[in-house]
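**Student:** My questions will all concern the structure given below.
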Amino acid sequence: MVKKELKEELSEEQIAQLKRFAELPPDKKLELIEKQCIFCQISKGSIETIKVFEDSEIIVALDINPAVPGHTLIFPKKHFQFLFQISPETREKIFSTASSLSIYLVNVLKAGGFNLYVANGATAGQKMPHFVLHLIPRFDKDGLSFDWDAKKANQEELKKIAAMLKTSLEKEMGEKKKSYKEEAQAQSDSSREIERALKFRRRA
């Protein structure tokens with residue numbers, strides 16, 4: 001039903017363009033997406049912005065259309081739409097940078113607090129398919145609101161959702177623990193090999 005309604009809204013040329021895009025190999029698709037992505041263009045230096053910090057992995061810049069003064073954007077240079085697509089190292093850098101910067105926003109701008117905001121997916125309000133963490137300082141009577149209508153939850157439904165999430169998360173964490181253990185064992189084996197080689201050289 002949705003696809004039918006969408007087709008009726010698009011022109012024949014737009015439908016043809018979508019079909020051509022769908023037939024492209026993944027690397028060509030990514031190339032076209034990056035050309036149209038504002039944050040990718042900022043990363044490449046094609047679009048100027050007011051940067052607060054930049055390294056090989058991330059950029060921290062002031063939003064040119066801020067919710068309030070000091071509204072800051074933190075995003076990876078490489079194109080990722082969703083949080084789970086970003087490498088653990090880059091994710092850690094994004095959020096540790098937000099943690100450090102939040103202190104300065106509060107102290108320098110005399111903010112009363114701050115919000116961290118992420119929109120992942122069009123349904124969640126993501127306007128550009130590039131992951132961005134918004135760090136928004138808050139002030140008294142700034143007019144912003146992140147309130148929503150709280151609804152009474154069904155306890156059985158909560159338990160069902162928790163069980164599904166728990167199973168998935170425990171499986172992933174178990175796999176990660178196994179991977180870390182294997183990596184630690186490999187490093188230990190490598191260290192022993194180096195020690196044996198050094199002992200052999202000293203004897204020689």
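**Student:** Restricting attention to the stretch 95-137, report how many residues are within 30 Å of E31 (Cα to Cα), part of a helix (DSSP H, G or I) and aromatic (F, W, Y).
**Tutor:** Going through the stretch 95-137 one residue at a time, the tally reaches 1.
**Student:** Being over 23 Å from R138 (Cα atoms), surrounded by 17 or more Cβ atoms within 10 Å (Cβ to Cβ) and not basic (K, R) is true for just one of H71, H79. Which residue is that?
**Tutor:** H79
**Student:** Name the residues in the stretch 171-204 that are modelled with pLDDT of 60 or more and either within 29 Å of N115 (Cα to Cα) or of a type in the set (S, T, Y) (or both), would you?
**Tutor:** Residues satisfying the conditions are E172, M173, S179.
**Student:** Here's another thing I want to ask about it. Is there a residue in the stretch 77-91 that is among the small types (G, A, S) and closer than 25 Å to Q41 by Cβ?
**Tutor:** Checking the stretch 77-91: at least one residue is among the small types (G, A, S) and closer than 25 Å to Q41 by Cβ.
Per-residue answers, yes or no, for (1) out of contact with any strand residue (DSSP E or B) (no Cβ under 7 Å at 6 or more places or on another chain); (2) surrounded by fewer than 17 Cβ atoms within 10 Å (Cβ to Cβ); (3) β-branched (V, I, T):
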site: S46; (1), (2), (3): yes, yes, no
site: S56; (1), (2), (3): yes, yes, no
site: A61; (1), (2), (3): no, no, no
site: Y104; (1), (2), (3): yes, yes, no
site: L109; (1), (2), (3): no, yes, no
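The values are calculated or read from the model by the stated rules, or taken from the named source; none is laboratory data. Predicted, not measured: the structure shown is a model, and the values here were computed from it. All Cβ positions, glycine included, derive from the backbone under ideal geometry; neighbour counts span all protein chains shown.
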